[in-house]
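Chemist: Please read through the structure below; I'll follow up with questions.
The values are calculated or read from the model by the stated rules, or taken from the named source; none is laboratory data. All values reported here derive from a predicted model rather than from experimental measurement. Cβ sites come from the backbone with ideal geometry, for glycine too, and all protein chains shown count toward neighbours. Note: accessible area is taken over every heavy atom of the protein model, side chains too, but ligands, DNA and RNA are not part of it. Shrake-Rupley method; radii C 1.70, N 1.55, O 1.52, S 1.80 Å.
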Amino acid sequence: QVQLVESGGGLVQPGGSLRLSCAASGSMVRFAAMDWYRQAPGKQRELVAAITAGGSTNYAESVKGRFTISKDNAKNMVYLQMISLKPEDTAVYYCKANLWGVDYWGKGTLVTVSS
């Protein structure tokens with residue numbers, strides 16, 4: 001059974017940094033397209049960053065230059081490094097995997113950017 005578990009969320013001041021982690025079951029990270037999404041209160045879930053099985057990355061315009069997605073195939077982990085955080089980055093952040101055409105979601109981790 002595929003499982004994705006996010007961690008690393010918390011409260012951070014504007015301008016601060018956080019690194020989110022997504023632990024995946026099995027060895028799926030090597031073969032899957034892995035994404036980070038976020039959902040702010042009252043808003044739709046949106047794609048933040050994506051990394052393909054081959055390591056190509058893509059970012060939402062709102063986070064370009066501030067967020068970096070990466071993965072470690074050996075550890076079956078995906079990361080989202082976030083710097084220069086803004087209050088509008090406050091959201092629940094979700095890890096998603098697409099493996100052989102099937103989407104799998106984690107339960108999310110809350111990031112709050114506030115002074």
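Chemist: Taking the conditions exactly as written (farther than 14 Å from D89 by Cβ, in contact with a strand residue (DSSP E or B) (Cβ under 7 Å, 6 or more places away or on another chain) and open to solvent by 40 Å² or more (accessible area, probe 1.4 Å)), does R45 satisfy them or not?
Modeler: Values: farther than 14 Å from D89 by Cβ: yes; in contact with a strand residue (DSSP E or B) (Cβ under 7 Å, 6 or more places away or on another chain): yes; open to solvent by 40 Å² or more (accessible area, probe 1.4 Å): yes.
When the stated conditions are applied, R45 passes them.
Chemist: Give me the pairs: first residue in the stretch 63-76 and basic (K, R), second residue in a loop (DSSP other than H, G, I, E, B) and open to solvent by 40 Å² or more (accessible area, probe 1.4 Å), beta-carbon distance under 9 Å, and six or more apart or on different chains, which are they?
Modeler: Pairs found: R66/I83; R66/S84; R66/K86.
Chemist: Please enumerate the residues belonging to the stretch 11-30 that are assigned to a loop (DSSP other than H, G, I, E, B) and either crowded, with 18+ Cβ neighbours inside 10 Å or at pLDDT 95 or above (or both).
Modeler: Selection gives Q13, P14, G15, G16, S17.
Chemist: Since L47 meets every condition but one in (1) at positive phi; (2) without any contact (Cβ under 8 Å) to a residue 24 or more places away in the chain; (3) not acidic (D, E), which condition does it not meet?
Modeler: Failing condition for L47: (1).
Chemist: Out of the stretch 103-115, which residues are in contact (Cβ under 8 Å) with a residue 24 or more places away in the chain and more than 12 Å from L18 (Cβ to Cβ)? Before the answer, list the steps.
Modeler: Initial filter on the stretch 103-115 (in contact (Cβ under 8 Å) with a residue 24 or more places away in the chain): 104-115.
Scanning the stretch 103-115 gives Y104, W105, G106, K107, G108, S114, S115.
Chemist: So, in the stretch 1-10, of the ones that are in a strand (DSSP E or B) and more than 18 Å from R66 (Cβ to Cβ), which residue ends up nearest to the chain's Cα centre (by Cα)?
Modeler: As a first pass, look at the stretch 1-10 and keep what is in a strand (DSSP E or B): 4-7, 10.
Narrowing further to those that are more than 18 Å from R66 (Cβ to Cβ): 4-7.
Working: L4: 11, V5: 11, E6: 8, S7: 10 Å.
Taking the candidates together, the pick is E6.
Chemist: Still on this structure, please answer the following. So if I check each of K107, K64, which one is open to solvent by 40 Å² or more (accessible area, probe 1.4 Å) and under 17 Å from G10 (Cβ atoms)? Talk me through it step by step, then tell me what you get.
Modeler: Details: K64 fails: under 17 Å from G10 (Cβ atoms).
One residue alone meets the criteria, K107.
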